[in-house]
Amino acid sequence: MNNNPSILITGGTGSFGNTFVPMTLKKYNPKRLVILSRDEMKQWEMAKLFANDPRVRFFIGDVRDKPRLDRALDGIDYVVHAAATKIVPTAEYNPFECVKTNIMGAMNLIDACLDRNVKRVVALSTDKASSPLNLYGATKLASDKLFVAGNSYSGSNSTQFAVVRYGNVMGSRGSVIPLFQSLRKTGRLPITDTRMTRFMITLEEAVELVWHAFDDMVGGEIYVKKIPSMNIVDIARAVVPEAEHDIIGIRPGEKLHEQMIGEEDAANTFEYDHHFKILPTIHNWNLDPNRIKNGRSVPDGFSYRSDNNTQWMSQDELKGWIERHKSKIGKI
């Protein structure tokens, strides 16, 4: 992104938006940074933090409402799509609502961005979109496919679409670290399976991945950041060392290990120093030197899972991170 752009973020009052907004204001000095979301209370609370910054604007709206998107996108150069129904049990019990937001909302945003001649769009994805096991993952896989295909719909329009994919964010609302902290006084922590592993990414790293996608994209790429893994028992010991563990079993729709790149994507995946890039086969974009750049093909049968990762975070490293960020954990 060039300095002084106009940017809109959907679902911008969530964990990602609360980090993306201040970091982007500082780095790019946008002319406008528009936060679109449907939760007026979260907007009210977030607006207090930027009350004296005329660059920050708030729009009540829903990605299900295309006319509202048309209005919000007036004069916008770049869009980050963070809005989603993303709690796995919520999606399983409310499948129609999940589809309306995650799939129909993606279609609305793609159409509106094309109509408004937005320059570039980056959509946030999830590890659950790779070989999905639950409805949330299936809808996000469909959303990823829609944003990739949106580049074919551009025609003479110059709008470009890309996707970034990452796993659970450390310390965010509803994640395992604040959950374990909330149970400290009980002296017991629920462990689904002692073999379970998870990727570990910070919100700041997620924001930087989006920035990289904006700068690097040609259109149709899925960016996956290289990040460390941890075993769930090690996470529990780092958060509440003295607690006993209750093994409760894997919950419906939950995977033993997170996956961000499956074997079926290996033929079209390229490796870089700090990330991977999955390229689409449509229009032979997986063979395009402008998209591959200096990437190296990954081996046949390659997959990127939290259990076969080459990077691991230690208990001490996680303890240090928790100590440095204790004021923010579970609050954004």
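The values are calculated or read from the model by the stated rules, or taken from the named source; none is laboratory data. Everything quoted here is computed from the prediction, not taken from an experiment. Note that we place each Cβ from the backbone using ideal geometry, even for glycine, and neighbour counts take in every protein chain shown.
The set of residues in segment 228-251 that are over 17 Å from the mean Cα position of the chain (by Cα), in a loop (DSSP other than H, G, I, E, B) and closer than 17 Å to residue 322 by Cβ comprises 240, 241, 242, 243. For segment 276-332, the set of residues classified as polar (S, T, N, Q), in contact (Cβ under 8 Å) with a residue 24 or more places away in the chain and either surrounded by 13 or more Cβ atoms within 10 Å (Cβ to Cβ) or part of a helix (DSSP H, G or I) (or both) consists of 290, 297, 303, 306, 309, 315, listed by residue number.
Just checking, which of 129, 142 is closer than 26 Å to residue 220 by Cα, among the aliphatic types (A, V, I, L, M) and touching a residue at least 40 places away in the same chain (Cβ under 8 Å)? Just a single option satisfies the conditions, and that option is 142.
When residue 1 is tested against the conditions (1) among the aliphatic types (A, V, I, L, M); (2) buried (at least 17 other Cβ atoms within 10 Å of the Cβ); (3) at pLDDT below 95; (4) farther than 20 Å from residue 164 by Cβ, the lone failure is (4). What residue, among those in segment 190-202 that are among the hydrophobic types (A, V, I, L, M, F, W, C) and surrounded by fewer than 22 Cβ atoms within 10 Å (Cβ to Cβ), is nearest to residue 16 (Cα to Cα)? Selected residue: 201.
Against the test of being within 21 Å of the chain's Cα centre (by Cα), crowded, with 19+ Cβ neighbours inside 10 Å and not in a helix (DSSP H, G or I), the options 150, 167 yield a single qualifying residue, 167. For first residues located in segment 105-120 and farther than 15 Å from residue 10 by Cα, partners that are modelled with pLDDT of 95 or more and in a strand (DSSP E or B) and lie 6+ apart or on another chain with Cβ distances below 7 Å form the pairs 119/78. Screening residue 144 with (1) buried (at least 18 other Cβ atoms within 10 Å of the Cβ); (2) of a type outside the set (Ser, Thr, Tyr); (3) modelled with pLDDT under 95 gives one miss only, at (3). Among the residues of segment 85-100, not a single one is under 26 Å from residue 251 (Cβ atoms) and in contact with a strand residue (DSSP E or B) (Cβ under 7 Å, 6 or more places away or on another chain). Residue check: residue 175 meets all listed conditions (1) crowded, with 21+ Cβ neighbours inside 10 Å; (2) under 15 Å from residue 322 (Cβ atoms) but one, namely (1).
Examine segment 186-193 for a residue that is of a type in the set (Asp, Glu), under 30 Å from residue 7 (Cα atoms) and modelled with pLDDT of 95 or more, and state whether such a residue exists. No, segment 186-193 contains no residue that is of a type in the set (Asp, Glu), under 30 Å from residue 7 (Cα atoms) and modelled with pLDDT of 95 or more. In segment 181-227, the qualifying residues are those that are assigned to a strand (DSSP E or B) and of a type in the set (D, E, K, R), and the one that is nearest to the chain's Cα centre (by Cα) is 225. Cβ separations smaller than 6 Å between residues 6+ apart or across chains give the following pairs from segment 223-239 residues that are touching a residue at least 12 places away in the same chain (Cβ under 8 Å) and under 11 Å from residue 313 (Cα atoms) to residues that are aromatic (Phe, Trp, Tyr) and surrounded by fewer than 21 Cβ atoms within 10 Å (Cβ to Cβ): 228/312; 229/312. Of the helices (runs of 4 or more DSSP H) that lie entirely inside segment 1-99, those containing 1 or more residues that are over 21 Å from residue 210 (Cβ atoms) and free of Cβ contacts under 8 Å to residues at least 60 places away in the same chain span 40-49, 66-72, 88-93, 95-99.
The set of residues from segment 293-330 being farther than 30 Å from residue 18 by Cβ and either in contact with a helix residue (DSSP H, G or I) (Cβ under 8 Å, 6 or more places away or on another chain) or among the polar types (S, T, N, Q) (or both) comprises 293, 294, 297, 298, 299, 300, 301, 302, 303, 308, 310.
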